[in-house]
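The values are calculated or read from the model by the stated rules, or taken from the named source; none is laboratory data. Predicted model only: the values in this text are computed from it and were never measured. Cβ placement follows ideal geometry from the backbone for every residue including glycine, while neighbour counts extend to all protein chains displayed. Accessible surface areas use protein heavy atoms only, side chains included; no ligands, DNA or RNA. Shrake-Rupley method; radii C 1.70, N 1.55, O 1.52, S 1.80 Å.
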Amino acid sequence: MTDDERAMMMLEKSIYEAQAMLEKDQIFRPFAMLLDKNGEIERIDNSIANARDSYRALYKEVKLYIEQKEVDIIVLLADTKMPESISDGSVDSAIRVHLEERSQQYRKIAGRYIYVPYQLQRSVGREQIHAKLFLPKAVSFPSEFLSYSGR
């Protein structure tokens, strides 16, 4: 599997997990997924009630984790609003995926936020909620977790 395929796999897996949480609880708590060089996935979450505090704690935990283990891909997800700068105004809610890949660290702009707009929908006559996902939009920035070290 190529680096790009591994990143897409992590991106898809994490988004589908967030979608399932949205359909079950109509919200999802921030969580992170890390892929090591052996293909093992580690999921990190916490039970902090405030979503912003939960995200900050996860961010710090991911930083500590990568100091101890070699990680190739990081995804850190949060339930958020679409930024006005990239929104078309039709959908407010979004899954934000902070994605970093070790294979991209030689680039100046190696990190990405991928915003996946979503809308919760209830089928007529059914109690089940569906989280409809729309086309993702990406914003690039310098890497925050991984730094190029030639590893």
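Residue-by-condition table, conditions (1) among the hydroxyl-bearing types (S, T, Y); (2) at positive phi; (3) modelled with pLDDT under 95:
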residue: T2; (1), (2), (3): yes, no, yes
residue: Q26; (1), (2), (3): no, yes, yes
residue: N38; (1), (2), (3): no, no, yes
residue: N50; (1), (2), (3): no, no, yes
Legend entry - Those residues of the stretch 113-140 which are of a type in the set (S, T, N, Q) and at pLDDT below 90, in sequence order: S123, Q128, S140
Inset, instruction - Would you check if L64 is of a type outside the set (S, T, N, Q) and either touching a Ser or Thr at 6+ places or on another chain (Cβ under 7 Å) or at pLDDT 95 or above (or both)? - result: no
Inset, instruction - Note down all Cβ pairs under 9 Å where the first residue falls in the stretch 56-68 and is part of a helix (DSSP H, G or I), the second is among the aromatic types (F, W, Y) and surrounded by 10 or more Cβ atoms within 10 Å (Cβ to Cβ), and they're at least six residues apart or on different chains. - result: L58/F31; Y59/F145; V62/F145; K63/F145; I66/F145
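Take the conditions open to solvent by 80 Å² or more (accessible area, probe 1.4 Å) and closer than 23 Å to Y16 by Cα and apply them to E40. Does it pass?
Details: open to solvent by 80 Å² or more (accessible area, probe 1.4 Å): yes; closer than 23 Å to Y16 by Cα: yes.
For E40, the condition - open to solvent by 80 Å² or more (accessible area, probe 1.4 Å) and closer than 23 Å to Y16 by Cα - is met.
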Inset, instruction - From the list S14, S87, pick out the single residue that is at pLDDT 95 or above, of a type in the set (S, T, N, Q) and closer than 19 Å to S140 by Cβ. - result: S14
Legend entry - Lone qualifier among L22, L35, L77, L99 - being touching a residue at least 24 places away in the same chain (Cβ under 8 Å), within 17 Å of the chain's Cα centre (by Cα) and assigned to a helix (DSSP H, G or I): L22
Legend entry - Inter-residue pairs, beta-carbon under 6 Å, first over 17 Å from D92 (Cα atoms) and without any contact (Cβ under 8 Å) to a residue 60 or more places away in the chain and in the stretch 114-143, second of a type in the set (S, T, N, Q) and not in a strand (DSSP E or B), 6+ apart: S143/Q105
Legend entry - Hits in the stretch 39-81 (condition: under 24 Å from A94 (Cα atoms) and aromatic (F, W, Y)): Y55, Y59
Legend entry - Qualifying residues in the stretch 118-138 (those that are exposed (fewer than 14 other Cβ atoms within 10 Å of the Cβ) and assigned to a loop (DSSP other than H, G, I, E, B)) - the one farthest from the chain's Cα centre (by Cα): G125
Inset, instruction - May I ask you to list the residues in the stretch 40-55 that are in contact (Cβ under 8 Å) with a residue 24 or more places away in the chain and small (G, A, S)? - result: A51, S54
Inset, instruction - Can you tell me which residue among L58, L76, L64 is touching an Asp or Glu at 6+ places or on another chain (Cβ under 8 Å) and either under 23 Å from S103 (Cβ atoms) or open to solvent by less than 50 Å² (accessible area, probe 1.4 Å) (or both)? - result: L58
